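K.L.:
Dumping the structure here so I can ask a few things about it.
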Amino acid sequence: MKRILFLLLFLPGFSQAADFEWTPRVQQAYLDIFKLKLNKGRQELAPELKTNGVALYLDDYADMLSLLLTEDRKAYESMEKNGEKRLQQLEDMDEDSPWNRCLRAEIRLHWAFVKIKFGKEVPGAWDIIKAYKLLDENARKFPQFTYNKKALGMLHVLIGSTPESYRWVTKLLGLRGNIQQGLQEIHAVTQKEPLFRTEAQLIEYLMQGYILRLSGREVTDFQKYLTQNSDNLLIQFFGNSILMKEGHGEAALALAQNRPNSPEYLDIPFFDYHIGEILLQKGQYAHAIAAFQQFLKQHPAGNFVKDATYKQYLCYALAGDEAKARTQYERVKTIGQAHNEADKSAQKACNAAYQPLIDTQKLVLKARFAGDGGYYETALQNLKNTSEAQFSQPYDQTEYNYRKARIYHKMNDFVTAIPLYERAIALGEGQNWHFAPSSCLQLGYIFQLRNDKAKAKSYFEKAISYKKHEYKNSVDGKAKAALTEMGY
């Protein structure tokens, strides 16, 4: 018997068979970490961290979620070497396991997202490239290993939606992307891997919501998914964000206010930021200011600090408190950072000397926010007695037409929306405002829905052609994704 055991230990892969094992304890830790019960999950992992590569991966997963959702810079500085240490440990484990390269790639992606979040775009980009290479190699080596498709599919979608002006970079680096292929790969995980189905479904919805678009039916399905996972704070957070993006303000507000809120969950300050945005859309300015202030208290540095302060300025201005509006307007110039599009836009809006908003500007802003939240009748009521002729500045005229077009578009009144978008394009031509390229993007969507591929293609390409504006990355990415979806 001893001789048999001795021989077995030296058979290929036997001695390291347990290097990657989804034990019951590890599975429970995964479910808890995915729900953002991070401390509980880490405690469950502790006994297996020295011997189980899956436990190392999940410990890293917990780090990523904590850093992305809190943006705690001190925590980042103390944890930024953790990923490399875990990668070194994994490299010493069973190389013949399909989990080895896959989990190393996922850890690379974790830190890519974290580094980009903390302003280290170049190191983050290199981690994405390394992750892609590992996943691609693993797919060729283990073609039947379905779990690999979760991260690889996500990368295929992201690379496939890269704007044309950057495609030479992805080709040079050997990165290949296809949106439909990527979505099919992620969907395969939902079909064949029960343990990871819920996570893969979330990735599907995120890719659809942020890269492509969610149809009405898909939004309904997404809301059912949110209800089915009411105890999962990560899903509720992204659900809150996507519902806001889709103009379902009331549903988003209810979700944020009724989210899981016990001490075992990670505390996410961005819920207060979202609540502030929805209350601003509803015209409840005092409550919105308080929500933004709670966000800034918990999150004094990092992304959306400028934007939250700018929105406090807007709340005061729309409520008629000019003294406090001026104070917040000036604060935008000195606090926070301007890495993301929202903060850059806030900074740009406050670069000039302070001037009180005139009544017509206030009406357009109120209509814009109400429209963003899905309060369309309120939005139109604000614009009832306004016209382009009441605005003296070309910027205000362009915004007026664009905002009005967006409201009618969301109400599916395309006949009214189309000429308003066209007017915004004409007024914004040659400027670095986002209204003209954004109008082109929306017209592309309208004609895509009408199955007029030629017109849709021309508008998507025109949207990409604008050289400089504050939302260029997102407009270009969405236009490129739409073109790819149409087969161009």
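K.L.:
Please find, within the stretch 369-424, the residue that is most open to solvent (accessible area, probe 1.4 Å) out of those that are part of a helix (DSSP H, G or I) and among the acidic types (Asp, Glu). Don't jump to the end; show me each part of the working.
P.N.:
Here is the first cut: in the stretch 369-424, the residues part of a helix (DSSP H, G or I) are 369-372, 376-383, 388-390, 394-410, 414-424.
Still in the list and also among the acidic types (Asp, Glu): 372, 377, 388, 396, 399, 422.
On the way: Asp372: 54, Glu377: 132, Glu388: 44, Asp396: 25, Glu399: 23, Glu422: 83 Å².
This residue is Glu377.
K.L.:
Taking Asp60 as meeting all but one of (1) at pLDDT 95 or above; (2) open to solvent by 10 Å² or more (accessible area, probe 1.4 Å), write down the number of the exception.
P.N.:
Status for Asp60: all satisfied but (2).
K.L.:
How many residues, within the stretch 28-57, are within 23 Å of Asn229 (Cβ to Cβ), in contact (Cβ under 8 Å) with a residue 24 or more places away in the chain, open to solvent by less than 20 Å² (accessible area, probe 1.4 Å) and not in a loop (DSSP other than H, G, I, E, B)?
P.N.:
7
K.L.:
Here's something else I'd like to know. Quick check on this structure: which one of Gly283, Gly336, Gly276 is assigned to a loop (DSSP other than H, G, I, E, B) and surrounded by 21 or more Cβ atoms within 10 Å (Cβ to Cβ)?
P.N.:
Gly336
K.L.:
Criterion first (polar (S, T, N, Q), surrounded by fewer than 21 Cβ atoms within 10 Å (Cβ to Cβ) and more than 25 Å from Ser215 (Cα to Cα)) does Gln448 satisfy it?
P.N.:
No; evaluated as a whole, the condition is false for this residue.
K.L.:
Go over the candidates Asp94, Asp59 one by one and state the one that is charged (D, E, K, R) and touching an Asp or Glu at 6+ places or on another chain (Cβ under 7 Å). Lay out the reasoning, then the answer.
P.N.:
Details: Asp59 fails: touching an Asp or Glu at 6+ places or on another chain (Cβ under 7 Å).
Step by step, each of Asp94, Asp59 is checked, and only Asp94 is charged (D, E, K, R) and touching an Asp or Glu at 6+ places or on another chain (Cβ under 7 Å).
K.L.:
Shifting gears a bit: Any idea which of (1) open to solvent by less than 70 Å² (accessible area, probe 1.4 Å); (2) more than 19 Å from Cys315 (Cα to Cα); (3) of a type outside the set (A, V, I, L, M, F, W, C); (4) part of a loop (DSSP other than H, G, I, E, B) is the one Gln442 doesn't satisfy?
P.N.:
Of (1) open to solvent by less than 70 Å² (accessible area, probe 1.4 Å); (2) more than 19 Å from Cys315 (Cα to Cα); (3) of a type outside the set (A, V, I, L, M, F, W, C); (4) part of a loop (DSSP other than H, G, I, E, B), only one is false for Gln442: (4).
K.L.:
Same structure, new question: Counting just the residues of the stretch 84-136 that are closer than 14 Å to Tyr57 by Cα and among the polar types (S, T, N, Q), which one comes out surrounded by the most Cβ atoms within 10 Å (Cβ to Cβ)?
P.N.:
Step by step, filter the stretch 84-136, then rank; the result is Asn100.
K.L.:
On to the next question. Can you pull out every residue in the stretch 302-331 that is surrounded by fewer than 23 Cβ atoms within 10 Å (Cβ to Cβ) and at positive phi?
P.N.:
Within the stretch 302-331, Gly302, Gly320 meet the criteria.
K.L.:
How about the stretch 214-237: which of its residues are outside any helix (DSSP H, G or I) and either surrounded by 17 or more Cβ atoms within 10 Å (Cβ to Cβ) or touching a Pro at 6+ places or on another chain (Cβ under 9 Å) (or both)?
P.N.:
Of everything in the stretch 214-237, those that are outside any helix (DSSP H, G or I) and either surrounded by 17 or more Cβ atoms within 10 Å (Cβ to Cβ) or touching a Pro at 6+ places or on another chain (Cβ under 9 Å) (or both) turn out to be Leu214, Asn229, Ser230, Asp231, Asn232.
K.L.:
Evaluate the stretch 137-149: report whether one residue or more is among the basic types (Lys, Arg), modelled with pLDDT of 95 or more, farther than 26 Å from Gln208 by Cβ and open to solvent by 10 Å² or more (accessible area, probe 1.4 Å).
P.N.:
Yes: the stretch 137-149 contains one or more residues that are among the basic types (Lys, Arg), modelled with pLDDT of 95 or more, farther than 26 Å from Gln208 by Cβ and open to solvent by 10 Å² or more (accessible area, probe 1.4 Å).
K.L.:
Six or more apart or on different chains, Cβ atoms under 6 Å: show the pairs whose first residue is in the stretch 278-290 and within 12 Å of Ala370 (Cβ to Cβ) and whose second is surrounded by 18 or more Cβ atoms within 10 Å (Cβ to Cβ) and among the aromatic types (Phe, Trp, Tyr).
P.N.:
The qualifying pairs are Leu280/Phe369; Gln281/Phe369.
The values are calculated or read from the model by the stated rules, or taken from the named source; none is laboratory data. Computed from a predicted structure; not experimentally measured. Cβ coordinates were reconstructed from backbone atoms using ideal geometry, including for glycine residues, and neighbour counts include every protein chain displayed. Just so you know, the surface numbers come from the protein's heavy atoms only, side chains and all, with ligands and any DNA or RNA stripped out. Shrake-Rupley method; radii C 1.70, N 1.55, O 1.52, S 1.80 Å.
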